[in-house]
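The values are calculated or read from the model by the stated rules, or taken from the named source; none is laboratory data. Everything numeric here is computed off the predicted structure, so don't read it as measured data. Cβ: placed from backbone, ideal geometry, glycine included. Neighbour counts: every protein chain shown.
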Amino acid sequence: MKFKIIFSLLCIVATLNTGCKTQASINTQNAAKANADQTPKNIILMIGDGMGLTQITAAMISNGYKLNLEKMPITGFHKSYSSDDLITDSAAGATSFACGVKTYNAAIGVTDDTLAVQTILEEAQDAGKETGVVVTSTIVHATPASFISHNRNRNNYEEIAEDILDCKADYLIGGGKKYFDRRKDEKNILDEMKKNGYAVSTFLETDPENVVVTPGKKLFYLAADGDPLSVEQGRNYLEPLSMKVINALSQSKDGFFLMIEGSQIDWGGHGNNIKQVVTETIDFDKTIGSVLDWVNKNGETLLIITADHETGGLAINPGSTMDSLVVSFATTHHSGTLIPVFSAGPGSTMFSGIYENTDIYHKMRHALKYPKRTQPKILNVSAKK
Ligand SMILES: [Zn+2]
């Protein structure tokens, strides 16, 4: 009799336990679905150019086996290939995020047949959001250019600079002054930017740490004549200027879209320079830490962090310790490995799983509840040769 009662009790406990577990997983699923249905007011897309899993791991080990990136709640992967090459370049990679199209390497915001496609930044701007771009390359470089201009070829820097004149973004920060004011056609695009309502300032008058970002006042800040310095050479503006821009954008009534790029992780990969890979990734991660703190407090912002591709085919080899890495690079170019995606905030659960790089664009639009689109929106502008 006693045995029977104990056995029954055990059965009840077991049933309750199983029931609770089922309920817990249902709750998790419901929470994920509820999150996916939420509409963020703002989107911040952070791109670590050339930042594959090994770049992240190397930076993590070099930083006491810790990165701010670990605080991101949702992880996924994207397939980075372009339309004409399994190994994408930064132009096709950024265009996939910005425009939702697979296109050829070197394409800046254009389709495979060179038609200009509306970017998510341009669409957000048209929908009343404020927008910004903060990068550590020149502002005409492939990744930023793919969000704010349209060109058949990434190397047409002066044409891209002229196109940025019409981009309407509120805050633009990066290098590349010479493409605006010392051009072959002798135009001064900086003067034109002023006519378009921008406060234009450059590294010649203002150090990055002293740049003032005023809500509601368009700003174009050029941090260098060509490429900005590397972290090792003393560049330290990505975190403070990103946060100044976020604070200004947060005053926007209808929200904002901001793209931040840690551009030079890629350059460390091309140079097979592990020190540059690590210092640039840690600099990007420092920015991630501040942005994520702000996003968590704000509660209305979808944050997505990813890379366009991996650079260098980096490996961490036997013989490595926590204090010293033994690495090798398989190439001085990009590689074709899957790329991690990290997300947080309303709509972030949509970014788990494995999907195309173009789906990052589609998921962002879905989160913003922009009307479904089966074809890219072709703009009535010619993407210059
Ligand atoms: Zn590259």
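Remarks
- All strands (runs of 3 or more DSSP E) inside the range 279-346 with 2 or more residues being among the aliphatic types (A, V, I, L, M): 301-306, 314-316, 339-344
- Among the residues of the range 196-213, those that are surrounded by 12 or more Cβ atoms within 10 Å (Cβ to Cβ) and farther than 19 Å from residue 283 by Cβ comprise 196, 198, 199, 200, 201, 202, 206, 212, 213.
- The set of residues in the range 299-317 that are surrounded by 17 or more Cβ atoms within 10 Å (Cβ to Cβ) and over 18 Å from the mean Cα position of the chain (by Cα) comprises 312, 313, 314.
- Screening 75, 136 for residues that are crowded, with 21+ Cβ neighbours inside 10 Å and either under 15 Å from the mean Cα position of the chain (by Cα) or at pLDDT below 95 (or both) leaves exactly one candidate, 136.
- For the range 83-106, a residue qualifies if it is within 25 Å of residue 276 (Cβ to Cβ) and either among the hydroxyl-bearing types (Ser, Thr, Tyr) or assigned to a helix (DSSP H, G or I) (or both), and the qualifying residues are 88, 90, 91, 92, 93, 94, 97.
- Cβ pairs under 8 Å, 6+ apart, first in the range 230-242 and farther than 25 Å from residue 257 by Cβ, second part of a loop (DSSP other than H, G, I, E, B): 230/264; 231/264
- From the list 105, 63, 35, 68, the one residue that fits, being surrounded by fewer than 24 Cβ atoms within 10 Å (Cβ to Cβ), within 15 Å of the ligand (Cβ to nearest atom) and more than 15 Å from the chain's Cα centre (by Cα), is 105.
- Within the range 214-242, restricting attention to residues that are closer than 12 Å to residue 171 by Cα and of a type in the set (A, V, I, L, M, F, W, C), the residue that is surrounded by the fewest Cβ atoms within 10 Å (Cβ to Cβ) is 219.
- Every residue from the range 318-344 that is more than 18 Å from residue 278 (Cβ to Cβ), away from the ligand (no atom under 16 Å from the Cβ) and surrounded by 12 or more Cβ atoms within 10 Å (Cβ to Cβ): 338, 341, 342, 343, 344
- Subset of the range 198-246 (residues that are polar (S, T, N, Q) and touching a Pro at 6+ places or on another chain (Cβ under 8 Å)): 236
- Residue among 140, 133 that is under 21 Å from residue 238 (Cβ atoms), assigned to a loop (DSSP other than H, G, I, E, B) and in contact (Cβ under 8 Å) with a residue 12 or more places away in the chain: 140
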